[in-house]
Each structure stands twice: as C-alpha cells, then as structure tokens.
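The values are calculated or read from the model by the stated rules, or taken from the named source; none is laboratory data. Small disclaimer: the values here were computed from a predicted structure and weren't measured. Here Cβ is always computed from backbone atoms with ideal geometry, including for glycine, and neighbour counts include all displayed protein chains. Heads up: the accessible areas ignore ligands, DNA and RNA and are worked out on the full protein's heavy atoms, side chains in. Shrake-Rupley method; radii C 1.70, N 1.55, O 1.52, S 1.80 Å.
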Amino acid sequence: MTGSGAGPSRRSHTKSRKGCKTCKRRHIRCDETYPQCRNCTKHQVRCDYMETAGSDIESQQSPEQQSLQLSPGSESRVEQWQQSGRFPYPEMQVFPHPHAHEYSRNDLRLIHHLSTIANNLTLKGASHLTTWTQKVPKFLSVASTHPYVMHALLAMSANHLAWLHSSNATRNLYLHHGSIALRGLHEAIGNFSHANADAVLAASLLLFWQATDWRSWSSLRAGIQSVIAAMQSWKHDSVFAEYVIEEDAPTNPFHTHRRRSSVSPVERSALLENAAYALQRLQLGLAGAQMELHWTTQLVHYVQQLQTLPSAQTPEEQFNHFYQLRKWLFWVPVLLLQREGGQGPAMLTIAHFYATALAIDPLFPDLGSSFCSAASLPPLEAIIAVTDAMHSERGADTSLLEVASLMQFPRQAAFEYRHRTLQVQQSALSQQPVSFGIDPSTLSYTNIGNLSPAFAPATPMYDVSQHTSPSGSSFLGVPTPYSFSSGTQQYGIPSPGFPPFTLQAQEHVYSFGGGFVPTAIWA
C-alpha cells in the first residue's frame, strides 16, 4: 500500500528485451516486429533488424526471408559482396553504389537479382529490348541514398522472383517492401524539393509499374505528372532528364485530348481477328522453340478471350482487360532474352507481344499511352531495325523472307501506332493541354488510406486455367484461372495517396536456337 505523500504506483508493463537498438536508444518500447519494427517504420529509419543478416531474429521470426534463395553462383557473389563491400557489377556504373553493410543478406539478394538481369542483358546488347532493364543503374544510384526508393526497387525484385517461382513467401516480401516504400514516398512528397525530386520520381515509377488495380495506377500516374510539372526549372539536372523531357512534351499523347473510342464493334472485331491470325501464324513458325511457343499460345488465348467479351466501357474495366498483357510486357521479354542459346525466336515472340499491345491500344482509350503502349514502341522498333539490317545485308535468303513475313504484323502495328500518335499530336498543336487539376506546389498524399497490404483492391483475373504458366503462380499476373473481373480478392500494394485521377477528363543481334530458321542466319 502506498504511503502518505507518495506518488501513484507505476503501471506494470512488459519489457522489450530483444528490441531493436534504435528503440532502445530512443528509450521507447519496441514491438519487436520483424523485419522492421513499427516505430522504425513510422519514423522512416532503418531498423537494425533489417541489417542483421543471418541473426537469430531472422531465423526465428521471418520464414519468408528464409525461403529466399538464389542460384549457388549468385549466392556466392552476394556473399563475396557482403564480405568485400565491392558491388558485383562495376561495369553498370552505379554511383553511389549500394553499401553491403547497410543491408540484410536478403536485401542484397534482391538487389543482386535485378542487377544481374540488367547487366546480363546489357552484355548481350539486349537491354533496350525490354521496358525497364536499361533504367536499373539509375534506379540503383538513386536508391543508394534514399531508403524508400530502395524499398520500391526491392519490392520489384521480389515481385519478379515471386512471379518466376510462384512463391507466396517471396510475394509477402514484395508486399512488405512495397508498403514501406509507399510510406516513404508519402513523407517525401510532403517535403518535395529539388533535392529529392529524382527520388520521388524513381519511387513513383517503380510503384507505378507494379500497380495491380485502377485506382493505384491512376493515382501514381497523376502523381508522376505532378512531379514532372514541378521539375520544370531543373529538369535538365535530373538523372531521368530524358524521361522527364519526353513525358513533359506538349505533344505527348498523354497530355492531349483523347476522344472516347470511336472503334465500332466491327472494327474492334477486325483488330482482334488480325492479332489472333498473326499470333497463330507465329505459333506455326515456332515449332521447336518450346518456351517461345508456350508464351505465344498464352497470348493467343488472351486475344481470344478478349474476342468473347463485350467492349470495356469504364476506365476500371479497361484496366482489368488490359492488365494481363501489361504484366507480361514487363516480365516475359526478360524471361526469354535471358535464356541461353539462340535469341531469334525470343525476339520474334517479344515483337508480337509488343505489337499486340500497340494493335489493341485503341480499344482502351481511357488508359492513355502511358499504360503500356508508349513503352512498347521503342523496343519493338529496335527489333524491327535488327531484322531490317539483316535483310539488307543478306538479301533474299529463304529463311530471312520467312522472318520478314512474320514481322509484318509487328511492323504494321508500329506504323499504325505512330500514325495515330501523329494525328493526336497534330490535333494538340491547336488545343490547350488537358488540365489534370493538380497543383504542383501543393503535392501531397490526400487520401493515403490503410497502408496494410491486406487492404489492396482486387487484381483482375481471367480464365486460361487449361493453359498454365511454367511458373504456375496464382498471383502477379501470370496465366491462372480468371474471368476478366475484379471479384477475386488478390493482395497487392495499396493505392497511394496521390489525388485519384482518371483519364475520362481527357474527352474535352542474335541467333536462332531452334525453330524454322537456321541458326546461322542470325549469327
């Protein structure tokens, strides 16, 4: 019993005996949440749990981290990097490069995974044939000094690994890093300046690419446009200067007035029939190229599925119909180009993936070119340039004529997309750019919402269950049972707090390793 004059008795509480060092230093109770406690997450500081590679905490509390393993060769390079501190790929010219001692072993694995892809494709002269690998060195440079950008990059790496290996554990890692990146981006937007503009843009782009629902995608797109508008006075100083200048061009199709689709049902049917016919021709030509044939078959079924569905009317419906192909455009080219052996069938297959996106783009007018068509054009034109160069050098070789015949659809798709873009640009010259209703001076997350990954919107799904992917994943946009609806709950990074935004307002060197062409012709 407390004596007279004594203060109130202290409340009993449970001490945190294994709390992180940051919480102990700040004299606050740590909740001991692995791999980053909530206090450190809230204050956007690196928790030492994240830095404890191989610790008891990792082995006891993080089953998803335990399951992340790379190939023996990659594991060896990661271990050497951790011991020496030397970034494994100096030729990538990443500066400043990530310092190994600042990251957990699994963080280093994720960084190494994306770095290896980018480096290998660069050495093959194929990094420009994908939508993202050329940008990895710039992302790494920015991420090395901005933790939330690094988390966005780690999320993308885990996203890719989960897609490759159908791993729920790696998927959880993707959600974990994505949520931390989103919190960091939220804070950075609140303190937007010249100093952090590149980091805000980098994190926004990485999360934008991984968006799995209409609201997330449109919010991030609006935010990216706001950031670019705010960077006008220093855009030439940006490490993403080329991207910023291209995106900010007044004649960029995203800025211009786009009418709602004038594609009639007959024209829609013709577009899809033309794409399906071209893909079926490619199937016949890919005999012997098993992986390429598999993915071409997936694409055929996707187009056939579109043929059975009514035209998508709302922006969200359009997103759901186009989502699957967009996801493939990020991952399938990398998968095919990384494989050993001849790359000719891979290039033909990839060209048809890009061409299909360009060909069906008019069916989804509310998404704009930023959804995936604008990013598909440059790598497709690079492939066309390679085939043109071969044809001019070697003349009327029978196998080259077959390649030229199969490239007719990709060539036509690129030409028609360029023509449509030119029409939009010419129209834009006599009109004011569309106002997006966002004041760059007041960038903020206005409706950040619940940041728990479990509260994400559904991922669009559709039915190709009889044609499963080699990875067999049940998420992240690989062929699984779905019906072009958002009725099946999926988990993803939640919608960011950029002001919700829709485009409805815009109404006012290679060799073949098999198949039909001799290896020598692409040597």
- Here the qualifying pairs (Cβ atoms under 8 Å; residues six or more apart or on different chains; first in the stretch 276-295 and on the phi > 0 side of the Ramachandran plot; second not small (G, A, S)) come out as G288/F516
- Note on the structure: The lone condition M291 fails out of (1) buried (at least 21 other Cβ atoms within 10 Å of the Cβ); (2) part of a helix (DSSP H, G or I) is (1)
- Message: Against the definition (assigned to a helix (DSSP H, G or I), open to solvent by less than 30 Å² (accessible area, probe 1.4 Å) and farther than 23 Å from E340 by Cα), how does A169 come out, yes or no?
- Response: yes
- Item | Yes/no for L164 being hydrophobic (A, V, I, L, M, F, W, C) and either under 20 Å from L140 (Cα atoms) or buried (at least 23 other Cβ atoms within 10 Å of the Cβ) (or both) | no
- Message: Quick check on S233: is it open to solvent by 10 Å² or more (accessible area, probe 1.4 Å) and either part of a helix (DSSP H, G or I) or of a type outside the set (A, V, I, L, M, F, W, C) (or both)?
- Response: yes
- If you take the residues of the stretch 124-150 that are part of a helix (DSSP H, G or I) and open to solvent by less than 10 Å² (accessible area, probe 1.4 Å), which of them is nearest to F240 (Cα to Cα)? F139
- Query: If you take the residues in the stretch 401-419 that are more than 13 Å from M390 (Cβ to Cβ) and of a type in the set (G, A, S), which one is modelled with the lowest pLDDT?
  - Reply: S405
- Task: Starting from the stretch 329-357, take each residue that is open to solvent by 10 Å² or more (accessible area, probe 1.4 Å) and list its partners that are assigned to a helix (DSSP H, G or I) and among the hydroxyl-bearing types (S, T, Y), counting only C-beta distances under 6 angstrom and pairs at least six apart or across chains.
- Result: G342/T519
- Task: Would you confirm whether any residue within the stretch 303-314 is closer than 20 Å to W209 by Cβ, at pLDDT 90 or above, outside the structural domain of S226 (by the TED database) and open to solvent by less than 10 Å² (accessible area, probe 1.4 Å)?
- Result: no
